Each structure stands twice: as structure tokens, then as C-alpha cells.
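Visitor: Pasting a structure here, questions to come.
The values are calculated or read from the model by the stated rules, or taken from the named source; none is laboratory data. On a predicted model such as this, the values are computed, not experimentally measured, just so you know. Glycine also receives a Cβ, built like all others from the backbone with ideal geometry; neighbour counts cover every protein chain displayed. All accessible areas refer to the heavy atoms of the entire protein, side chains included, with ligands and DNA or RNA removed. Shrake-Rupley method; radii C 1.70, N 1.55, O 1.52, S 1.80 Å.
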Amino acid sequence: MSREGLTRRDVLKLAGVGGAVAAVLSGCGPMAKYVRRRPYVEQPEYALPGKSVYFATTCRECPAGCGLVVRTVEGRAIKVEGNPNHPLNRGSTCARAQAALQGLYNPDRARGPKVRGGKAITWEEGIDAVARALQDTPPEGIVFLLGLAPDHLAELVYEITQALGAPPPIRFGALAMVEARQTLAAAAEAVFGQKAVPTFDIAKADLVISFGANFLETWLSPVAYAKAYGAMRQGHPGRRGVFVQIEPRMSMTGANADLWLPAKPGTEGLVALALGRLMAEVAGVEAPEPFAQVDPAQVAQAAEVPLEKLEKVARYAVQDVERVVALPGGVVLGYENGVEVAQAILALNGLLERLGKPSLVYFTPPAGGREPLAPATYKELMDLVDRMNAGQVKALFIHGVNPVYEFPKVLGFEEALLKVPLVISFASFDDETVPYAHYHLPDHTFLESWGYQRVQVGADREVLSGFQPVVVPVFDTRATADVLLAAVQKVGGALAEQVPYKNEVEFIQKQVAEFQKRNDGIYQAAHPKVFWALFLQHGGWWTQEATATPAQAQVPTVQVGEAKFDRGELHLVVFPHPILADGASANNPWLQETPDPTTTVMWNTWVEVHPETAAQMGLENDDLVLIDSPYGAIFASVYVYPGIRPDTIAIPMGQGHTALGRWAKNRGANPIDLLGFGVNGAGDAAFGQVRVTVRKMGRRQVLARKENTVGVYGDGRYQPVDKRKEEEEKVTSTQE
Amino acid sequence: MAGEEHTKWVMVIDLDRCTGCNACVTACAMENNVAFAGEEENAYGRGMHWIRLVRYWEGEYPEVQMRTMPMMCQQCSNAPCEPVCPVFATLHSEAEELNIQVYNRCIGTRYCANNCPYIARTFNWFDYEWPEPMNYYLNPDVTVRRRGIMEKCTFCIQRIRRAQEEARLEGRPVRDGEVQPACAQACPTDAIVFGNWQDPHSKVRQLAESQRGFKFLEELGTEPKVIYLSSQRHEF
């Protein structure tokens, strides 16, 4: 019996009475290549009724790649736990990983392959479509758009595109955009001589000076950073690390800082230079070039930050403590001069090294020496849209990213999508992009998948994090790698010769086998099958010893210049929701129900307004406002937030889905719709330059929050989701 | 007998490590089959979180500071919730020194919740659903509660039991660190530590002796078994 034709229902039918029967997975033995369902009449030796079986795998809720151990009981996944040996997360997890089972067992998942309009097809037909696309499309017209995870699929797709002569896959996601990853990498090249995202070793630091990096929430590798943060605070007896955060809106990360400095948006780079100058002065040395050009008093005034605080930080860094690190990230890099700002901030590390402090910056060595494909910049995405509009893209494959939801409306991706004659989506959910796809060939969720991921940031050693299925696929989904390889075989010829893998597992095993030669790993095995079993058992491969070496920082010459802003009343900070992040898992109800750490709001989008600004505009908590930018408008309820600059408002990402499922759909608003921008020197989006106007709508829409329920009863009565949409449409139509 | 020696389970929460990330909240809900009540119920304060982050703002902009504190049932030795229960649904277990809730005795008077100074108890106002197949992940070790029942943090007693059973099978005492409630296991900053107070070498015992230690609302005489370590702040 073929495994794809078999559903859980069939298994139950087959076995007659369901009582003594359950579907189990055979996946951890060295011979296991395929996921097979077996009833308990032929019970695998490791599966005892009532006893848990644990599978090590890798989290795919964000691109970091933390190790997980999933507890399963009788073929069902029960609980996600951290892999205690994994070098990134050492047994811990974030909220997103915890709720991953609600993604796996989500009733709104795509249940099988279908064509546009919803008609179900067989997998054979789906593979035929992919094969035809690979065969008949001129190679330059084939585009693969992938998510941010540096995984095996990206590598397999790269091999396929190379064999076809097609352009390499484009990896992009909203998270990379608001984290300004490529900007950081470009600045790191100027300061450290390596074009990659550096890791900041905050665990060892006595003083962390962070410019906008929300490293405890969603930034790059949040669990690894949180782990390091705990060690920084209380991990060294008698030496408590101190943390300074400079950003316009107090993020959850900033809320944990000893000192939070709300510098005026656009002045963060200058603040870094002023800090450097002050440090040089304290140390009694001449300030190097970029720092000498600023006058700290003037900068403090322009940034609306007390000079005295900057002086105290500089003195503490130079005189009182040994290990200091400065890191840039997120919103402060979202300007057209973002690369220069990042360089100015990173240059502080170079200055501190000159003052005799150790370097606390390193680059995660890529597993097996193979650098994963860098994510695309916003500029490259704009080029893609141009090519789509010009009709040059004939077949577009989309996996791991939801462009219609995630990409800014101003990019025009939706319209461009209509000009592509063949769009194939591999999304596991019926997301916003699926209606534009001619074929929807749903992939498994990560807990049903094979794979590996080369950890790019956050680890002090080479890490190849492995995935294996922890349960049999819940629905009639199929691994995208298997679909592509089946299509490649169908095409045959030179393509099949160059991409000779029979299936996904064979491809993965071939890549994993390269590590068998290594003698510095956590395990060794002479036989490939034993090595493969150990790989699955440990949840990956990594070296026994930390191998990353501190990077030596230079002090580059840099002209920070002025940040440009649109016209408008208020600065806008769009930040990844600390729980929902980019919103890819917004249909996991427990992520919706987990309160936001700083506002305690659940299930909705809010807009943070400073108390004074709110008073001036006559706004109170829960007042519905229209937020208008030159590029779009959204509705949201006001949250009067004490930790934000009076000239700034902030809105979390993650909500505002128009599809995805019952818990995400029509809930809140998507602030990405407000964005529109130029690009900076690295080609990344200057998302921080948008300014907005806020208009009171004259009615309230109560936010569900954990902190209190005052105001829920009475005039601000709770509005059901469908009602809200109606009223918003009414408002919009009267405006027009 | 090995594994059944007298235990007093305590939890230490280091507020200087805690970032308020809420990973414990989600982890607790997934382990303990805590129902998601949805937006409307949460707006009315009927969310079912067994653990929550209590958030305080201090000071005025720009010197504003946020403090958070994970709050759950403190497993009081002298628990205000216990004497008010007319049906002995909420009572003290002598063996573990835990405050336990017997779901099938509970008749939903909610007296216990009214009397809890920590607001740690949540009430099932409705029957909540896990639509198929989401019910697959429900933990078979934990009862799924229905309408009209009071519930609260149990210190993951099912995990304590599991560790004790495994230790008993191997004929040894439960090791320090072997029992980890879901919140402590998930915690990204290792702020939550759980263990046996009776073991003088346990990590909780050592941490609890820190000068930063305090118990929340201790002055009420509740004798909580959660010890917080106060957060610190460097003044610039």
C-alpha cells in the first residue's frame, strides 16, 4: 500500500476496532528512510502503550534553528521540549516553539493538493505540473521564492536551479526586512572583514550597549540570546552584566535594560559616534576619525538624550568594566543611511579593542564549511517584481514565505503575481498567497518533515541541526523536496543526471554523510547507517568544542549623515510581535492567547501612543484610530504606552491576516501595509523612514488584555470579529 | 523506599534573569491542556492562564521602567483557598506538601478564587473546545477540565509523579533537576528553577538562600513555596 494513499481513517478501518490500535512512526532506526504507518498489532519495540517516545528535531518557527525534543505518546505529538544538548538553545524554547503542535494539528491546514479554485487533484497530477514547469519553461523564467530558513530544501533547490541554468532561489521574509539582516552583514564586512551576520557574545559581557536590537524577542536567534542574557545577568558570581538599550520604542528587550535611552529616530548612529568620542576622552586617547567628527553635546541635544547619561555609560565602559559589546539591529538600521549607522555602532567594538578590551564578537562557522545562501535584499525583491511585471517570470515556486501577506503592499507583488502564468505554492496552510497559485501542493509542517539546517548565527561552533518526523503526516501533504525530486525524475535527461537523488531522505543522507569523516563531532561512527542513526538521535551534528574565534574589529571611516523621513506627524515603528513574530503561526490559538509581554494584549493589534501625545489628541486606551501613511491605512485600537517617544507610535506585526485559518483571519491589522520606502546602501528596505498621521474614529474597540479588564463592561463593549470588519468598511466607504 | 522520601517541592524564580518573554505561559498551557478561551472571554478577564506575567510600570518617561513577575499558584503551606472550599476539592497533600485541586469534587462555588491573594486560580466558565485534530496533542497525563470547574497550577504534578516512578523502577532517589515543570523547562534564561527543599544540596535550596530572595505577599502568612529573587538595576 502506498503511503500517500493512506489516511488515519484508513488505518482505523483496516484494524477494525480503534481501541488497541494507533498509528505509530518508525523513524529512528538506522534502516528507516520512510515514514510508515503501522498498527499496534505489529508494535515497534520502542513503542509501549503509555510510555512516551522522544524524537529530536529542529524548530522551524523562525530561521534560527533551535533543537527540540518532542514527546510523543502512541503516535501523537504531546509536547515540545528543548534539546538540552543543542548548542543554540541548550534545552530552552520560546513561546512559538511551544505552540508548534497547534500548527501541526491545526484544523485549518491544507489537507491535500489542489488547483486554483479549490478543486482537489492527485499528487501525480501535481508532480506532473511541476515536471512540465521545469521542462517547458525557459530556465531564466523559473524563479524559486523561499523562506529564510537556511535548510536542506534551499540547498536542493539551489542544485536544481544550477542544473537547469535557472537563477538561484530568492530567500526573503518580513522578519529579515525589519531586522535589516543584509544591512548588518554589509556593515560587518566593513568592520570585521566578513560579510555575514555576526554573533555578539553577550553571555560574557559586563556591559551590553544595544542599539535597537530586540535580541530577547525575535532577533536572529532569540533563545540563544536569551540564554546568554541570563548568564550575563546572574551567571558569573559577583559580576552582574549591565545592559543599555537605545531605541525609540521600549521593546520587551529594552524593558529589561538598566538604562533605556529613547534617542530621536535617525540619530542613533550619531549617538554611537558620540559615545565613542566620550569613551576615547575618558581613556585619554585621541578619538579615531569617525568619532572625532561629532560633538557629543550637540548630538545629545539633537537626539534628545541627556549628555550626562552618555558620559556615565562611556565612563562605565572604559573605567569600571572589562568586557563591553555594542550591537546594532532592527529599527535603528531602517533608514537610507542604515549601513553607515550599523558601521558606526559596530565601530564602537573596534574602539573598545583599541582601548585594550577583548572582542566579544564572533561569526558562527558554517557547518561543513558551506556558507548558506544569503537572504535576498529588498532591492533584489524589487527587481523580481519588475521581472514579473515584464512577463519574464514564467513559473514561480513559493515555499516557506507568504508574500501577499508579508511583503509591503507598495511593492506591488500581488499585481505582479497575476502576470505570472504559473504559480505553484507549497504552503502548509491556505494562506493569503494560495488563491494566486495555480497549483497548491502543500508541504508537511516541520514536525512531519525530514531535513537539516545549517545554523547561521548564535552558535559558537559548526551546527548542522537535523529534523526528523515526530509523527506520521496528519493530512495528505507531501514533502516539497520529494515533489521536486519526483518531478526532476519525470523530466529525466541531463537534469535527472545532475540531480540524481531518488528522494528527500537520500539527498539529506548524502549531505549528512560528509560529516562522518570529521573527528571533531560529538559522535563518530564507522558505518554510514549508524552515523545516520546517531544524527537523528542527537537531533543533528555539531563539534564537541567551540571553534568560533573572536573577530577583530576595525574602526572604519564612516559618514553617518542624516536620516531621511517622509512627511507626516509621527514616526512609525513597526516591530515583530514578541510572540507572533512575523505572523506565520498566527493561527496557533495559544500564540494568540499568550499575552504580549509589555502591553499584555492578546488576540489583536494595538497602536502604542505616548501618554502626552494621547492626551493632546484626546485619545484614551481602546480608542479606535485610523493610521494613515502615504502608502496605506489601517485601523487599530490605542494602547497608551509609557515607554515610547512622544513623536513616535508603534504597531506590532503578526496580525491582520485575511486567510490562514479561523484564529488568524480578519483579526487586527497588518502594519506592513503602511510601509513604503527607499533602500539603503546594502539594498535593504529603509522601513524606518515612514511617518504617519493618526485620526480618532470616535468609537472604542476594546483590546483583550491580561493586565485588567476595566472598560470592557460598559460603552466599550467587545466587538465580535465579523462586526468589526463591517464597521471598518462603513467608515472607509463614507470617507471615499 | 527510594523515590518516596519526604519531599517539599519549591520553585525559585530569578527576576533578574526573567525577561518577561512569556515562553512559560505557552509551555504551561501546552503541557497542562489549558484551554484557550478566545478574545472575547479574555477581554472579560476569563482567560485560563495558569501562569501569567504580572507587569508593572515604574517612573515617568523617559525614566520609565518595566518590571515583570511570573505569577502562578504559590502552593501556600497555609493556603487561604483551602478552608473555604465546602467540598474539599481544594486541599493540601501531606505527602508532597502541595496544594491540590480535585476536579471531580469541585462544584464551582469559586470561593477559593475569591480568597486567593495571588489571583492564581482560573475558572472554566464554559466548555472549551480543541477542534479535531487539535485535540491530538492533549497530554494524556492531565485531565481535561470541563465547564464549572476551578483549576490552577499544579507544579506539574504529573511530571513529579513520572520522575518518581522512574526513580523507583531504578531503585534510586529522584535526582536534583530531574523534575522540571513545563515553565522551568522552557524558560530561555533559566530564571525558573524547581527542586526539593529537603535536599540540602539541591539547586533550589542554594538559590533560595540568596540575599535577593523574597516571598510574594508573605506578610499575609500564606507561606508560599515560590521564592522570588529580586531584580537588580545599575543606576547610570
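Visitor: Hey, any hits in the stretch A:461-472 for a residue that's closer than 30 Å to A:Pro198 by Cβ and either free of Cβ contacts under 8 Å to residues at least 24 places away in the same chain or open to solvent by 10 Å² or more (accessible area, probe 1.4 Å) (or both)?
Guide: yes
Visitor: Check the stretch A:544-551 and report whether any residue there is in a strand (DSSP E or B), under 30 Å from A:Leu352 (Cβ atoms) and not assigned by TED's automatic domain parsing to the domain that holds A:Trp606.
Guide: Looking through the stretch A:544-551, at least one residue is in a strand (DSSP E or B), under 30 Å from A:Leu352 (Cβ atoms) and not assigned by TED's automatic domain parsing to the domain that holds A:Trp606.
Visitor: Then there is this: May I ask you to list the residues in the stretch B:8-19 that are within 9 Å of chain A (Cβ to nearest Cβ) and either among the polar types (S, T, N, Q) or surrounded by 24 or more Cβ atoms within 10 Å (Cβ to Cβ) (or both)?
Guide: Correct list: B:Asp14, B:Arg17, B:Cys18, B:Thr19.
Visitor: Which residues, taken from the stretch A:66-107, are of a type in the set (S, T, N, Q) and assigned to a helix (DSSP H, G or I)?
Guide: Of everything in the stretch A:66-107, those that are of a type in the set (S, T, N, Q) and assigned to a helix (DSSP H, G or I) turn out to be A:Gln98, A:Gln102.
Visitor: With B:Gln232, B:Gln185, B:Gln211, B:Gln180 as the choices, which residue is assigned to a loop (DSSP other than H, G, I, E, B) and touching an Asp or Glu at 6+ places or on another chain (Cβ under 8 Å)?
Guide: B:Gln232
Visitor: Please state which of the following conditions B:Arg168 fails to meet, knowing it meets all the rest: (1) away from every other protein chain (no Cβ under 12 Å); (2) surrounded by 16 or more Cβ atoms within 10 Å (Cβ to Cβ); (3) among the basic types (Lys, Arg).
Guide: Single failed check for B:Arg168: (2).
Visitor: Name every residue in the stretch A:108-127 that is in a loop (DSSP other than H, G, I, E, B), of a type outside the set (A, V, I, L, M) and open to solvent by less than 10 Å² (accessible area, probe 1.4 Å), in order of residue number.
Guide: A:Pro113
Visitor: Give me the pairs: first residue in the stretch A:669-684 and closer than 17 Å to A:Arg567 by Cα, second residue among the hydroxyl-bearing types (Ser, Thr, Tyr) and open to solvent by 20 Å² or more (accessible area, probe 1.4 Å), beta-carbon distance under 6 Å, and six or more apart or on different chains, which are they?
Guide: The qualifying pairs are A:Gly676/A:Tyr631.
Visitor: Of the residues that make up the stretch A:626-637, is at least one under 20 Å from A:Pro578 (Cα atoms) and part of a strand (DSSP E or B)?
Guide: Yes, the stretch A:626-637 contains at least one residue that is under 20 Å from A:Pro578 (Cα atoms) and part of a strand (DSSP E or B).
Visitor: Another question, then. For residues in the stretch A:189-230 being small (Gly, Ala, Ser), open to solvent by less than 30 Å² (accessible area, probe 1.4 Å) and not in a loop (DSSP other than H, G, I, E, B), which is farthest from the other protein chains (Cβ to nearest Cβ)?
Guide: Per the criteria, the residue is A:Ser210.
Visitor: Could you count how many residues in the stretch B:51-72 are within 8 Å of chain A (Cβ to nearest Cβ) and in a loop (DSSP other than H, G, I, E, B)?
Guide: Residues flagged as within 8 Å of chain A (Cβ to nearest Cβ) and in a loop (DSSP other than H, G, I, E, B) within the stretch B:51-72 amount to 4.
Visitor: A further question follows. Within the stretch A:402-461, how many residues are part of a strand (DSSP E or B) and at positive phi?
Guide: 1
Visitor: I'd like to check something: does the stretch A:311-326 contain any residue that is among the acidic types (Asp, Glu), within 14 Å of chain B (Cβ to nearest Cβ) and open to solvent by 60 Å² or more (accessible area, probe 1.4 Å)?
Guide: There is at least one residue in the stretch A:311-326 that is among the acidic types (Asp, Glu), within 14 Å of chain B (Cβ to nearest Cβ) and open to solvent by 60 Å² or more (accessible area, probe 1.4 Å).
Visitor: Which condition number in (1) within 14 Å of chain B (Cβ to nearest Cβ); (2) in a loop (DSSP other than H, G, I, E, B); (3) of a type in the set (A, V, I, L, M) is the one that A:Ala682 fails?
Guide: The number of the failed condition is (1).
Visitor: B:Asn196 versus (1) of a type outside the set (Val, Ile, Thr); (2) over 13 Å from B:Asp14 (Cα atoms); (3) open to solvent by 50 Å² or more (accessible area, probe 1.4 Å): which is the lone unmet condition?
Guide: So B:Asn196 meets the others, but not (3).
Visitor: Which members of the stretch A:605-618 meet the condition of being touching a residue at least 24 places away in the same chain (Cβ under 8 Å), outside any loop (DSSP other than H, G, I, E, B), surrounded by fewer than 23 Cβ atoms within 10 Å (Cβ to Cβ) and away from every other protein chain (no Cβ under 13 Å)?
Guide: A:Met617
Visitor: Determine if the stretch A:291-303 includes at least one residue that is aromatic (Phe, Trp, Tyr) and farther than 22 Å from A:Trp260 by Cβ.
Guide: Within the stretch A:291-303 (the criterion being aromatic (Phe, Trp, Tyr) and farther than 22 Å from A:Trp260 by Cβ), the answer is yes, since at least one residue qualifies.
Visitor: Looking at (1) part of a loop (DSSP other than H, G, I, E, B); (2) more than 7 Å from every other protein chain (Cβ to nearest Cβ); (3) under 19 Å from the mean Cα position of the chain (by Cα), can you tell me which one B:Gly47 breaks?
Guide: The failed condition is (2).
Visitor: Can you tell me which residues in the stretch A:582-604 are more than 7 Å from every other protein chain (Cβ to nearest Cβ) and either assigned to a loop (DSSP other than H, G, I, E, B) or open to solvent by 10 Å² or more (accessible area, probe 1.4 Å) (or both)?
Guide: Across the stretch A:582-604, the qualifying residues are A:Asp582, A:Gly583, A:Ala584, A:Ser585, A:Ala586, A:Asn587, A:Asn588, A:Asp596, A:Thr599.
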